[in-house]
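Before any comments, here is the structure.
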Amino acid sequence: MKNIIKLATVIAVITFVACSSNDDSTCTESTWYQDFDNDDLGDPNTSIMSCDQPDGYVADNSDTDDSGCVSDQVLDDSRGACNETLAFSNVYNQTISGANRIITSNSIPEHMVGRFGMGQGSLNPNAISEQNETYTITMNPSEAVNLTALLSTSGMGPNAGPQYSFGVLFNGVELDPVAAEPFPHLGMMNPNVNWNWNLEALNVNLGLDCNSAHVQPTGKYHYHGSPILFLEALNMPTDAMTLIGYAADGFPIYYKYGYSDASNANSSVDEMTSSYQLKSGNRGGDGVSAPCGSNDGVYSNDYEYVAGLGTLDEANGRTGVTPEYPSGTYYYVITDAFPSIPRFFRGTPSNDFKIGM
């Protein structure tokens, strides 16, 4: 009996000591959310309760993509220097034949370019060469029922990917904004190719020079964004609209400036603004069928159109009067901000701008 009493006393003492050394009376448990991708944002669907913050868990539960998938593409909007003078001379000619504007060009700019071709410091291995281009563009464009996208995002083969270049400037060089760089960047015929996620040429390192331009394997020099040196050579005033070329559907292209009142040529001239913005949050892909990571502009699909956000529509254009069209027309605007060169046609594009034609 004495042994039983002693044992009970020992148990009581141990219990008392244990409770005294593990006193949770001052602990307030909190909810912690798993942060698998280490971005300090937790998965709202995976949590634990704990007094102290556990490793790999955070208090913020706003991560919508905590899969641990990390994008392999890096935002890079750098440009190469334009310090090369071409040996070729610019050839550009425009004639009117009936209801058509016919432009012939060798695609050689008059300004300096980056270094291209096989050699140290080259931005890509394709050397610039003279082309023999003829573009037939309607003089009487009309707005179509639906927009035509420069990039087809469905399927594979010739019916998917870049379908058109956008237009041609008065130096004869094409505006061709869409890169052929679909996810997962293993070739356009990859079985998992996803054209909905195509790299944005202006925001990744695709070997662009200071004119946001580079060279196709055919040797054709073309612009993916604002053609800086071409624009500088025009000495454009900031208080007037300046026509710089024509789109494939026949509508005119202006740079950046337009009348504040689209229908009033006597109104002030303002800088036109895009109605696109970066999407919030993450892409939500798994890194296999679609990319993950934040919507940072690496992909064109990181942007969304918001009607009325800026002064321009989804095709980066508007309807109004211009110096060349005092009765009014639809016209496109090249902007400094995305998309820079439009990604849609308001009218019907000429097949002379069809990719691969």
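Give the residues of segment 131-174 that are charged (D, E, K, R), more than 21 Å from the chain's Cα centre (by Cα) and under 14 Å from residue 247 (Cβ atoms), sorted by residue number. Don't jump to the end; show me each part of the working.
Filtering segment 131-174 for residues charged (D, E, K, R) gives 133, 143, 174.
Okay, now just the ones that are also more than 21 Å from the chain's Cα centre (by Cα), so 133, 143.
The answer is 143, and nothing else.
Looking at 82, 51, just one residue is more than 30 Å from residue 115 (Cα to Cα) and of a type outside the set (Ser, Thr, Tyr), and that residue is 51.
For segment 338-357, a residue qualifies if it is touching a residue at least 24 places away in the same chain (Cβ under 8 Å) and open to solvent by 60 Å² or more (accessible area, probe 1.4 Å), and the qualifying residues are 348, 352, 355, 356. Strands (runs of 3 or more DSSP E) fully within segment 196-311 that include at least 1 residues being touching a residue at least 12 places away in the same chain (Cβ under 8 Å), open to solvent by less than 20 Å² (accessible area, probe 1.4 Å) and of a type in the set (Phe, Trp, Tyr): 221-223, 243-247, 252-255.
Any residue in segment 102-114 that is surrounded by 14 or more Cβ atoms within 10 Å (Cβ to Cβ) and either of a type in the set (Phe, Trp, Tyr) or more than 30 Å from residue 132 (Cα to Cα) (or both)? The answer is no; no qualifying residue exists.
Report yes if some residue within segment 287-301 is closer than 22 Å to residue 262 by Cβ and not aromatic (Phe, Trp, Tyr); otherwise report no. Give the derivation first.
Within segment 287-301, the first condition is being closer than 22 Å to residue 262 by Cβ, and the residues that meet it are none.
No; the residues of segment 287-301 include none that is closer than 22 Å to residue 262 by Cβ and not aromatic (Phe, Trp, Tyr).
Evaluating residue 188 against the criteria (1) over 26 Å from residue 230 (Cα atoms); (2) loosely packed, with under 13 Cβ neighbours inside 10 Å; (3) touching a residue at least 24 places away in the same chain (Cβ under 8 Å); (4) not β-branched (Val, Ile, Thr) leaves one unmet condition, (2). Residue-level check: of (1) assigned to a loop (DSSP other than H, G, I, E, B); (2) open to solvent by less than 40 Å² (accessible area, probe 1.4 Å), residue 118 misses just (2). Per this entry, residue 215 is not counted among residues that are of a type in the set (Val, Ile, Thr), modelled with pLDDT of 95 or more and within 18 Å of the chain's Cα centre (by Cα).
Tell me, which residue of segment 44-74 that is open to solvent by 90 Å² or more (accessible area, probe 1.4 Å) and part of a loop (DSSP other than H, G, I, E, B) is modelled with the highest pLDDT?
Residues of segment 44-74 that are open to solvent by 90 Å² or more (accessible area, probe 1.4 Å), as a first pass: 45, 49, 52-53, 55, 64, 70, 72, 74.
From what's left, part of a loop (DSSP other than H, G, I, E, B): 45, 52-53, 55, 64, 70, 72, 74.
Details: 45: 71, 52: 85, 53: 88, 55: 81, 64: 64, 70: 74, 72: 78, 74: 94.
Of everything passing the filter in segment 44-74, 74 is modelled with the highest pLDDT.
The one condition from (1) in contact (Cβ under 8 Å) with a residue 60 or more places away in the chain; (2) open to solvent by less than 60 Å² (accessible area, probe 1.4 Å); (3) not acidic (Asp, Glu) that residue 139 does not meet is (2). Residue 88 passes every criterion in (1) at pLDDT 95 or above; (2) within 24 Å of the chain's Cα centre (by Cα) apart from (2). All conditions but one from (1) in contact with an Asp or Glu (Cβ under 6 Å, 6 or more places away or on another chain); (2) over 17 Å from residue 350 (Cα atoms) apply to residue 221; the one that does not is (1).
The values are calculated or read from the model by the stated rules, or taken from the named source; none is laboratory data. None of these values were measured; they are calculated from a predicted model. Cβ atoms come from the backbone with ideal geometry, glycine included; neighbour counts cover every protein chain shown. The accessibility values were calculated without ligands, DNA or RNA, using every heavy atom of the protein model including side chains. Shrake-Rupley method; radii C 1.70, N 1.55, O 1.52, S 1.80 Å.
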